[in-house]
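Reading through the structure tokens given below for one structure.
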Amino acid sequence: MRDVRVREAVPTDAFSVGALHIQDERERGASVPPGFLDTFADAWLRDRARRTWLAEEPTGRPIGVLHGTRVQKLPSAHRPADAWFHVSLLFVTPDARGLGLGERLLRTLLAWAPAERVTRIQLNAVPEARTLYERVGFGTPSDRLMELRLDAPA
Ligand SMILES: CC(C)(COP(=O)(O)OP(=O)(O)OC[C@H]1O[C@@H](n2cnc3c(N)ncnc32)[C@H](O)[C@@H]1OP(=O)(O)O)[C@@H](O)C(=O)NCCC(=O)NCCS
């Protein structure tokens, strides 16, 4: 893992990010339709609020990705106009798991956050990954945070 580089993705990484995304989809049992890589890359390139970090081997092979969206709060008289971040995907290729790369990607995000005035990071955790998230400091949110699902059957 020592030789693995973690860096912020640039526009020319669109297909690498898309390829990792497809691996994640397949692992979840989804079948990816033809043309999906192009569709994904176009959407990722258009999304100006999205930030993405890649982990890559010295050969340039991408083996991990973390991406999500920074949400800027509007100016307010009663609280700081800081920002929050939603992590959409954390994925490491199966051959590279268990070596600390997921944690390294998360710690890269945590190190980036203060300069971007991000004061809260949220994500949906699968049960198997809770220990990882807890290790870097995540906890369950306050009982004030609520959610309404509009895509769920009544
Ligand atoms: C979650 C994931 C990114 C972790 O990457 P990693 O490089 O192995 O992470 P680390 O080596 O830093 O830490 C290992 C942690 O992975 C988590 N983990 C282990 N098996 C897992 C699994 N089947 N699914 C998800 N997370 C798992 C555990 O929290 C583990 O920590 P522990 O050993 O203390 O219990 C990787 O398992 C993965 O890509 N899984 C598939 C996608 C996924 O589940 N993403 C998270 C969605 S919330």
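The values are calculated or read from the model by the stated rules, or taken from the named source; none is laboratory data. Everything numeric in this text was worked out from a predicted model, so none of it was measured. Glycine gets a Cβ as well: all are built from the backbone with ideal geometry, and neighbour counts include every protein chain shown.
Values as computed for the structure displayed
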{"quantity": "First in the range 101-126 and part of a helix (DSSP H, G or I), second anywhere and hydrophobic (A, V, I, L, M, F, W, C) and away from the ligand (no atom under 15 Å from the Cβ), Cβ under 7 Å, 6 or more apart", "calculated": "E116/A83"}
{"quantity": "Any hit, the range 58-68, residues being outside any loop (DSSP other than H, G, I, E, B), at pLDDT 95 or above and of a type in the set (S, T, N, Q)", "calculated": "no"}
{"quantity": "L54 vs. criteria assigned to a loop (DSSP other than H, G, I, E, B), on the phi < 0 side of the Ramachandran plot and either at pLDDT below 95 or within 16 Å of the ligand (Cβ to nearest atom) (or both)", "calculated": "no"}
{"quantity": "Residue ID - nearest to the ligand (Cβ to nearest atom), chosen from residues in the range 91-119 that are closer than 17 Å to A49 by Cα and crowded, with 16+ Cβ neighbours inside 10 Å", "calculated": "L109"}
{"quantity": "Contacts under 8 angstrom Cβ, first residue in the range 128-153 being modelled with pLDDT of 95 or more, partner part of a loop (DSSP other than H, G, I, E, B), 6 or more apart", "calculated": "Y133/L123; Y133/A125; F138/L123; F138/A125"}
